[in-house]
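The values are calculated or read from the model by the stated rules, or taken from the named source; none is laboratory data. Note that the coordinates shown come from a computational prediction; the quantities given were computed from them, not determined experimentally. FYI the Cβ positions are ideal-geometry reconstructions off the backbone, even for glycines, and counts take in every protein chain you see.
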Amino acid sequence: MKSHFASVAVLMVIGACAPAKTQQTPPVAPKDSVSPTGLGAVSLPNSDPFPSTYTRFPSGPLVIRNVNLMTAAGPTIRNGMISISDGKIVEVGPTVAIPAGATVIDGAGKYVTPGIVDTHSHIGVYAAPGGQALSDGNEATNPVTAHVWAEHSVWPQDPQFPRDLQGGVTTMQVLPGSANLIGGRSVVLKTVPSRTVQGMKFPGAKYGMKMACGENPKRVYASRGPSTRMGNVAGYRAAWIQAEAYRRRWDKWNKDKKGDPPGRDLGQETLAEVLRGNILIHNHCYRADEMAQMIDIAKEFGYKIRAFHHGVEAYKVADLLARDSIGGSLWSDWGSFKMEAIDGVKANIALVHAAGANVAVHSDDASGSQRLNQEAAKAMAAGIAAGIPITEDVAIRWITRNPAWQLGLDDRIGSLEAGKNADIVLWSANPFSVYSKPEKVWVDGAMLYDRSDPRQQWRTDFELGFVRTPAGINR
Amino acid sequence: MRHTHHLLGCAGALLAIAGSAAPAASQTIAITGGKVYPVSSAPIENGIVLIRDGKVVAVGANVTIPADAQRIDASGKWVTPGLINSATQLGLSEVGQVQDTRDDRARGRDNVAASFASWEGLNSMSVLIAPARREGITSVAIVPSGQHLVSGQAAMLNLVDGMPSDMLIRGPIAMVAQVQSPGGAGLGARGELIVRLRELIEDTRAFARNRAAFERAETRDYSASRLDLQAMIPVVEGRLPLLIAADKATDIDAALRIARENNLRIFIGGGAEAWMIADKLAAARVPVLTGAMNNIPGGFTTLGQTQENAAILRRAGVQVITIGNGGGDEETFNVRNIKVEAGNAIAYGMSWDDALRSVTLTPAEVFGVADRVGSLQAGRDANVVIWSGDPFEFATVAERVFVRGREYRELDRQELLTERYKLLPPSKAMPARR
């Protein structure tokens, strides 16, 4: 009956900050180029050595009518319609054309939202049922482990995946933990059943890289260092100094192709890609003063911080985040589980939003991830109580469009607009009500969850036999 | 704990300590016009709640309001008893990872800490109290943490501003044990854990029978210390409930066996798979403390965890107390979110009335403090909340909160920080106190 909070708090993430000057440059190798694989071939840096094999599930055209649409792109459309076909949203509005052969669902009294996007998950890398055997989220053997990739720890049979889907989450970023100053690459996954992690990877999504400030690294490495915050900062800077030199060597070789290629270093490859603007920085950081320092480090080395994660004191530097276009992936109301979290306030999200920064409600928790709508509802209520007028049309963006931007995917997901991927959720009631539940969830136009039909509920291999359900279903 | 007064005359028993009265507002207050949920009786439209000297003196549709009463118009509002969060470490744990602020787990001896009276070390100055109270939580049970076989004693508090003795309603209200984690208790197997609990019960009985011999050092060795055995006496005599943490259905079955064999009064805490054994729990009249925000098979003891658990137990006739189990820290920083837990219980099948009861009168009855809190009835502590609407909805505000008749309206620490940083950069001037 103890809170799981303490164990969850160990899993925190990292971020860094961002100058506006960094121009995106092409990756070291073109996206579609693979290193030679024949006998005696020489591997070269490759932006995509574990390519996505995801293809959308079969589906026919669908129209939901007479439903309230929280679009995350404009005002809520009351009693409107949405049409989806071939995995894309075709039309959204008060009325839409019904394509021939379309399934038509009447949504009276119900709501449709974009699929929810969680920027901060450890599902798959800290898989249920837990324990050391499935603890794969922190390569806590060195304070800088830029060379590790979260996807290589993801267990696709983690029963937390289907639970997240039934909570309406259709896209998630799975991050390494926050033990390290630089924790490694994240991966963006679709919440879909697959034998392999490649089958879950969001096609074309950029990688992220995790950095972590503050207490976690200095606690984990207390005996060997860093054991202080100043040691943390020295560690980030030392890593970037090395990465600069590495990037220069490889950029020169890529341009000239003269002589032997420089030696490869997996960690340096990831860091160099950050410096080229091809990997997004997600920086776990609690305190305002540390966020300000991380922003300066990013400027020193010419990279951008895409988002600070957790940021319980983001409200104290919300103007700095807005100025430099840094997002905030924040909890609605966590605090006080450690010293750097004591100034957590439940109005944090609303305050950061009011300052003009991109803010998302994130989970860092496989339970909370299933109810990001409720977390957003709490954050909205806290904002209103603090005198910040937050509307539902704003709050819905906190769990859809804004996190999609933080993952660099807002051109594909996060809103109900023609041309976007048809990731949508049908809710039994207003999603900001505690009584509302997702009834159906579609990913790229295919219904992958139906609360009313057990046959339309994904069960992982692990669950078969092990997990009993009240309905006596042991399918 | 209905029989607490018996303890006072029992040489081997823990003394039950009744909280001393904190200063209560002496004025008379009449809350009028609201929809009143007494919980102990049917809702009253346009009801009146009359408060005097920190107590509820009358509740009903036709209550004579004294001329000198302060009237509070609650038209359009919902009026309920203050809510109870029954599984907290409020005032025992302030900053999770700062050991100096942790007084929720005793070291114990040989994995038994029965004599640990958690409330004795209570920090009534905790900054986490005000945010809970501000959102309508007016009483909490504080429960020792830890994975000992026996971790110590729980107590019920009122969230008044004062010293620990002002806050205490009753302690102990339960002894806390576990039969789910052999490793946590330094043991190797579940069967061994259960045997150790039986041994402790037997030793307690022997100790109680042979006090004089024990004092002369003429007894065999016991499995626990003198004070721990002494603390266990009311448990083995069935006067103090044993709150047994158990998630796995088979562990719950073991707890029921031990209770039956030894005539113990037990509650199940956690109870992730209690739904699998709901009929037996109902037949044994064993209440369950569980949540409604966890469906993750997060360990091999919680494979059958489901959000429908509480509702299924209720339908089977089990007394259910809603506590946090979702990982959102309803034990300390977010004690207030017990409202959300109850709301989710409704979303997953519990009736609204049962959900309200599960965070008010049921815990008060189960823990033996229904004469003080948990309902709006004459003679109860005036713990009253006026809500803008359904207390379980996110948009609802606890507009007025009374604990023992005193209204609390002060800004809590989170609100002070929010005020300071509302405009950026913050003013160089010291913020004015509000």
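Can you name every one of the strands (runs of 3 or more DSSP E) wholly within the range B:23-136 that holds 3 or more residues which are within 14 Å of chain A (Cβ to nearest Cβ) and within 22 Å of B:Ile173 (Cβ to Cβ)?
On the way: elements: B:28-36, B:44-52, B:55-60, B:70-73, B:78-81, B:83-88.
The strands (runs of 3 or more DSSP E) meeting that bar are B:83-88.
Count of the range B:315-343 residues, restricted to those that are more than 9 Å from chain A (Cβ to nearest Cβ) and more than 27 Å from A:Pro162 (Cα to Cα), is 8. Is it the case, given these coordinates, that B:Asp354 is of a type in the set (D, E, K, R) and either free of Cβ contacts under 8 Å to residues at least 12 places away in the same chain or within 14 Å of chain A (Cβ to nearest Cβ) (or both)? The answer is no for B:Asp354. Among the residues of the range B:153-181, those identified as within 14 Å of another protein chain (Cβ to nearest Cβ) and touching a Lys or Arg at 6+ places or on another chain (Cβ under 8 Å) are B:Val179, B:Gln180.
Take the conditions (1) touching a Lys or Arg at 6+ places or on another chain (Cβ under 9 Å); (2) within 30 Å of A:Met209 (Cα to Cα); (3) not charged (D, E, K, R); A:Trp398 misses just one of them, which is (1). Pairs linking a residue in the range A:323-342 that is more than 17 Å from A:Cys213 (Cα to Cα) and modelled with pLDDT of 95 or more to a residue that is crowded, with 22+ Cβ neighbours inside 10 Å and among the acidic types (Asp, Glu), with Cβ atoms under 6 Å and 6 or more positions apart or on different chains, are A:Ser332/A:Glu375. Examine the range A:114-129 for a residue that is part of a loop (DSSP other than H, G, I, E, B), more than 26 Å from A:Arg455 (Cβ to Cβ) and either modelled with pLDDT of 95 or more or out of contact with any strand residue (DSSP E or B) (no Cβ under 8 Å at 6 or more places or on another chain) (or both), and state whether such a residue exists. Among the residues of the range A:114-129, at least one is part of a loop (DSSP other than H, G, I, E, B), more than 26 Å from A:Arg455 (Cβ to Cβ) and either modelled with pLDDT of 95 or more or out of contact with any strand residue (DSSP E or B) (no Cβ under 8 Å at 6 or more places or on another chain) (or both), which makes the answer yes. Filtering the range A:438-454 to residues that are touching a residue at least 12 places away in the same chain (Cβ under 8 Å) and either on the phi > 0 side of the Ramachandran plot or surrounded by fewer than 22 Cβ atoms within 10 Å (Cβ to Cβ) (or both) leaves A:Glu439, A:Asp444, A:Gly445, A:Ala446, A:Met447, A:Arg451, A:Ser452, A:Pro454. Among the listed residues A:Trp334, A:Trp405, identify the single one that is surrounded by 24 or more Cβ atoms within 10 Å (Cβ to Cβ) and either within 13 Å of chain B (Cβ to nearest Cβ) or assigned to a helix (DSSP H, G or I) (or both). Sole residue among the options that is surrounded by 24 or more Cβ atoms within 10 Å (Cβ to Cβ) and either within 13 Å of chain B (Cβ to nearest Cβ) or assigned to a helix (DSSP H, G or I) (or both): A:Trp334.
Identify all residues within the range A:345-364 that are in contact with an Asp or Glu (Cβ under 7 Å, 6 or more places away or on another chain), of a type outside the set (S, T, N, Q), assigned to a loop (DSSP other than H, G, I, E, B) and crowded, with 24+ Cβ neighbours inside 10 Å; write none if there are none. Please lay out each step first, then the result.
So in the range A:345-364, the residues in contact with an Asp or Glu (Cβ under 7 Å, 6 or more places away or on another chain) come out as A:346, A:355, A:361-363.
Then drop every residue that is not of a type outside the set (S, T, N, Q), which leaves A:346, A:355, A:361-362.
If we keep only those that are assigned to a loop (DSSP other than H, G, I, E, B) as well, we get A:346, A:355, A:362.
Selection gives A:Lys346, A:His362.
So, B:Ala117, is that one in contact with a His (Cβ under 6 Å, 6 or more places away or on another chain) and either of a type in the set (A, V, I, L, M, F, W, C) or modelled with pLDDT of 95 or more (or both) or not? Considered against the rule, which asks whether it is in contact with a His (Cβ under 6 Å, 6 or more places away or on another chain) and either of a type in the set (A, V, I, L, M, F, W, C) or modelled with pLDDT of 95 or more (or both), B:Ala117 comes out as no.
Residues that are aliphatic (A, V, I, L, M) and either within 11 Å of chain B (Cβ to nearest Cβ) or touching a Pro at 6+ places or on another chain (Cβ under 6 Å) (or both) were ranked within the range A:422-432; the one that is farthest from A:Arg163 (Cα to Cα) is A:Ala429.
Across the range B:287-308, which residue is surrounded by the most Cβ atoms within 10 Å (Cβ to Cβ) among those that are within 7 Å of chain A (Cβ to nearest Cβ) and in contact with a Gly (Cβ under 6 Å, 6 or more places away or on another chain)? Quick ask: steps written out before the conclusion?
Start the filter on the range B:287-308 by keeping residues that are within 7 Å of chain A (Cβ to nearest Cβ), which leaves B:289, B:293-300, B:303-304, B:306, B:308.
Now narrow it down to the ones that are in contact with a Gly (Cβ under 6 Å, 6 or more places away or on another chain): B:289, B:293-294, B:298-299, B:308.
Numbers: B:Leu289: 30, B:Met293: 25, B:Asn294: 27, B:Gly298: 25, B:Gly299: 17, B:Glu308: 18.
It comes out as B:Leu289.
The single condition among (1) within 14 Å of chain B (Cβ to nearest Cβ); (2) buried (at least 24 other Cβ atoms within 10 Å of the Cβ) that A:Ala322 does not meet is (2). Among the residues of the range A:262-285, is there at least one that is within 30 Å of A:Glu340 (Cα to Cα), touching a Cys at 6+ places or on another chain (Cβ under 7 Å) and either at pLDDT below 95 or part of a loop (DSSP other than H, G, I, E, B) (or both)? So far as the range A:262-285 goes, no, none of its residues is within 30 Å of A:Glu340 (Cα to Cα), touching a Cys at 6+ places or on another chain (Cβ under 7 Å) and either at pLDDT below 95 or part of a loop (DSSP other than H, G, I, E, B) (or both). Among the residues of the range A:433-456, those that are farther than 20 Å from A:Ile82 by Cα and away from chain B (no Cβ under 12 Å) comprise A:Ser452, A:Asp453, A:Pro454, A:Arg455, A:Gln456. Filtered by the rule that a residue be away from every other protein chain (no Cβ under 14 Å) and surrounded by fewer than 20 Cβ atoms within 10 Å (Cβ to Cβ), the range A:207-225 gives A:Ser223, A:Arg224, A:Gly225.
Criterion first (away from chain A (no Cβ under 14 Å), out of contact with any strand residue (DSSP E or B) (no Cβ under 6 Å at 6 or more places or on another chain) and either assigned to a loop (DSSP other than H, G, I, E, B) or under 21 Å from A:Val467 (Cα atoms) (or both)) does B:Arg260 satisfy it? Step through it out loud before you land on a result.
Working: away from chain A (no Cβ under 14 Å): yes; out of contact with any strand residue (DSSP E or B) (no Cβ under 6 Å at 6 or more places or on another chain): yes; either assigned to a loop (DSSP other than H, G, I, E, B) or under 21 Å from A:Val467 (Cα atoms) (or both): no.
No; evaluated as a whole, the condition is false for this residue.
Within the span defined as the range A:119-138, every residue fails to be more than 14 Å from chain B (Cβ to nearest Cβ), farther than 25 Å from B:Gly304 by Cβ, among the hydrophobic types (A, V, I, L, M, F, W, C) and touching a residue at least 24 places away in the same chain (Cβ under 8 Å).
Just to check your reading of the model, which residue among B:Gly82, B:Gly19, B:Gly91 is crowded, with 20+ Cβ neighbours inside 10 Å, modelled with pLDDT under 95, closer than 20 Å to B:Arg133 by Cα and not hydroxyl-bearing (Ser, Thr, Tyr)? I'd like the intermediate steps shown before the answer.
On the way: B:Gly82 fails: modelled with pLDDT under 95; B:Gly91 fails: modelled with pLDDT under 95.
That would be B:Gly19, the only listed residue that is crowded, with 20+ Cβ neighbours inside 10 Å, modelled with pLDDT under 95, closer than 20 Å to B:Arg133 by Cα and not hydroxyl-bearing (Ser, Thr, Tyr).
Only one of the listed residues (A:Asp260, A:Asp256, A:Asp265) is surrounded by fewer than 18 Cβ atoms within 10 Å (Cβ to Cβ), more than 24 Å from the chain's Cα centre (by Cα), away from every other protein chain (no Cβ under 14 Å) and closer than 30 Å to A:Pro156 by Cα. That residue is A:Asp265. Suppose the filter is more than 15 Å from A:Thr145 (Cα to Cα) and in a loop (DSSP other than H, G, I, E, B); does A:Pro226 pass it? No: the conditions fail for A:Pro226.
Select from the range A:365-395 the residues that are part of a loop (DSSP other than H, G, I, E, B) and among the small types (Gly, Ala, Ser) and write down the one among them that is farthest from the other protein chains (Cβ to nearest Cβ).
Initially, the range A:365-395 is screened for residues part of a loop (DSSP other than H, G, I, E, B), giving A:365-367, A:386-391.
Checking which are among the small types (Gly, Ala, Ser) leaves us with A:366-367, A:386-387.
Working: A:Ala366: 6, A:Ser367: 5, A:Ala386: 5, A:Gly387: 8 Å.
Top of the filtered list is A:Gly387.
Residues that are surrounded by fewer than 24 Cβ atoms within 10 Å (Cβ to Cβ) and within 14 Å of chain B (Cβ to nearest Cβ) within the range A:288-311 comprise A:Ala288, A:Asp289, A:Ala292, listed in sequence order.
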